[in-house]
Each structure stands twice: as C-alpha cells, then as structure tokens.
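Inspection log for the structure reproduced underneath, given as structure tokens.
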C-alpha cells in the first residue's frame, strides 16, 4: 500500500515568508509525528499527534511553528516568518496506534530559507 | 529528560565483517527504536524493541532494559549496509511519543 507522503519535496523561500508543509500518513494510522534534521545534525522531535488527544507540542522551537491534523489524517506544519535557521529537512512519520508501534517515515521536505 | 549516547560515531568495515553499534540512554524506557538513514536521506525503521533480542535478516538488535543499553549487530556486512544508524528513545522515559535521537553512527562498508 501507499506509504507516508510529504509535499512539497523541496521548498525555497525568502526570510520572513510563511510556509506550509503537508504530510499524508498511512491510512488508518492514528499517530503522526513531525521531526526535523538540520544540515549535518541529528533528528529532532517537533510535535506528536495521537488520535483525538491533545498533541505533544513540546518540541516546537518557537511560537512561529504550529501544526494541525485535520480529521485525524492529513497534517500541516506551518512556519511563520521563516528564518535562515529554519532551513532543514522536515520529516513526517506515522504509526498504527500506540507509541510502541513501528514508525513509517515520509521522504521529507527540504526547506531552504534564503 | 533522557540522554542518548551512540558509539562509535563513525565506523569503516571491510565487506563480510561483523558490525556492532552501541546505544546507551539515561532514563528508563519501555521501548527503543533503531533507524537507518540512507545516503540519499530516506529513513527506515529497522527495529522497535522493548526486551531481549530481535532479528531481521542479517540485522540483530538487543536491549538490556536494566543496564539501559542496546546494540545493533550486522552480520556478514555488505557495501549496501553503508548508512547512518540511529537509535531513539522516549525523551521522558516510559513510552511517550516524544523521542530523542542519538547523533547516529555513520557506517561505511568497503568491498
């Protein structure tokens, strides 16, 4: 079946602009995760959605970052007033249910802020 | 808050060698993830384990919950195993979805 998809695959924007990154999880997966990986750095947790529970937003680096998940499926990560340090690859992952399930990663969105 | 240490940071091996990558963490957890990041950037989950040992092909993962330590072994390594291997655990212990990742072990297998 289809895996996790993300769009766009690449995004170049100017400093100060807003961007939206989209994630389509595997159908039926109730848990969805956003991570980012800056150049040469490790993966960093951003936010985690589990079913209808309130999301764990503790990894969002500033109030310029927000995410929503509509209808328990598609998720959008929004970055307002982008800064150069926001440049990174943003990965989305989903899992069937509980945290102890395998996570399936999307191909990532490479964001470049000029 | 959990802390994750991986070793070695870089590893070069000859084809056919047995590989071991280690991961230690500081706060007790119920499960640990091993991930593989390909040279092109794609990420694949290799294992999620909460006790004992799991095997998938030439890959073996073990975990000792009491000692807060896990190892990933690759038997009969092959150049296609060249990748970055990453362990991840719940940031605040237990089984939360907020994961903290190790810095990764970059493996290069020479033919």
Average beta-carbon neighbours from other chains, 10 Å sphere, peptide A:101-109
4
Once normalised by the length of segment B:9-72, the mean sequence separation of its alpha carbon contacts under 8 Å that are 6 or more apart gives a contact order in percent of 32 percent
Give the shape of segment B:9-111 as rounded, prolate or oblate, defined through the alpha-carbon gyration tensor: a ≥ b ≥ c are the square roots of its eigenvalues, a/c under 1.5 means rounded, and otherwise the shape is prolate if a/b is larger than b/c and oblate if not.
prolate
What nm distance separates the two modelled labels at residue B:78 and residue B:110, each placed 7 Å from Cα along Cα→Cβ?
2.1 nm
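Per residue of B:97-107, count partner chain C-beta atoms within 10 Å of its C-beta, then hand back the mean as an integer.
5
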FRET efficiency for residue A:9 and residue B:12, Cβ-Cβ distance as r, R0 = 45 Å, nearest 0.05?
0.90
Kirkwood Rh (inverse of mean 1/r, distinct Cα pairs), segment A:1-105, angstrom
14.0 Å
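Normalised by the empirical 2.2 N^0.38 Å for globular proteins, what value does the Cα Rg of the protein assembly as shown take?
After normalising by residue count via 2.2 N^0.38 Å, the value is 1.01.
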Inter-chain Cβ neighbour average for residues B:43-52, partner chain, 10 Å
3
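The numbers here are math on the coordinates, done by the rules we state, and not lab data. Note that the structure is a prediction, hence the values are computed from the model and not measured. Reconstructed Cβ throughout: ideal geometry from the backbone, glycine too, with neighbour counts over all protein chains shown.
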